[in-house]
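What follows draws every value from the coordinates through simple rules; no lab data is involved. Everything numeric here is computed off the predicted structure, so don't read it as measured data. So basically every Cβ, Gly included, is an ideal-geometry build from the backbone, and we count neighbours across all protein chains shown.
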Amino acid sequence: MTKAEYTECSDEQLFELMQADNSDAFEVLYNRLFYPLMNHAAHKVSNLQEAQDIVQDLFVTIWKKRRQIIIQGKVVNFLFVSLRNSIINFYIKNRKKDQREELFHYFNGFFEATTERTIHKNELEKIIQNEIDALPEKMREIYLLSRNKSLSHKQIAELLELSEHTVKKQVSNALRILKQKINYTLLSLM
């Protein structure tokens, strides 16, 4: 097939060829969809370079896992959903440290400065992170976007395609659960 013939193929046909290890089909699909995906990512993250990295990483992952991926529906829809998940993971990964420090400062007030009652910062951070990791997946995702990236409920709702009320409720529930569990854990250590 010539390069011109590849451009005549649909996204789905290119993806099928790509799954058969056809790098030319992958290149045409990449060139066709990179900029629409990049434009979308640029609206969701604050840095153009980060948006470009996210989209490039997405395509690298798709190439590596091309034989395992099963797409039901349009390839472009699959790519935009995958991009959304990549952006969420980007926010979560880049903001975990800030979120742990925020909770550390909140709970640090419960401790007296005596040697036998002092828990080192790393131990407290581990307790906090374990409790965050124990949250239900969607609640944890929403909580981390709210606390780590300081996104508004409206921004999170748009990013995750949920109602603003659902996001507000999930953040509220996450805070309530974390405060209860961490307070219980801290009291049991004293």
Too long for a 21 Å Cα-Cα cut-off, among Lys65/Lys149; Lys126/Lys179; Lys3/Lys44, are Lys65/Lys149; Lys3/Lys44
Using the beta-carbon distance between Gln72 and Lys179 and R0 = 35 Å, what value does 1/(1 + (r/R0)^6) give for FRET efficiency, to the nearest 0.05?
0.25
Give me the distance in nm between label points sitting 7 Å out from Cα along the Cα-to-Cβ direction at Lys138 and Glu8, one decimal.
4.6 nm
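As a quick test, which of the pairs Lys93/Lys169; Lys138/Lys168; Lys74/Lys138; Lys64/Lys93; Lys93/Lys181; Lys93/Lys154 have an alpha carbon distance above 19 angstrom in this structure? Kindly include the intermediate steps, with their values, before the conclusion.
Numbers: Lys93/Lys169 23 Å; Lys138/Lys168 13 Å; Lys74/Lys138 25 Å; Lys64/Lys93 22 Å; Lys93/Lys181 23 Å; Lys93/Lys154 21 Å.
Checking Cα-Cα distances, Lys93/Lys169; Lys74/Lys138; Lys64/Lys93; Lys93/Lys181; Lys93/Lys154 exceed 19 Å.
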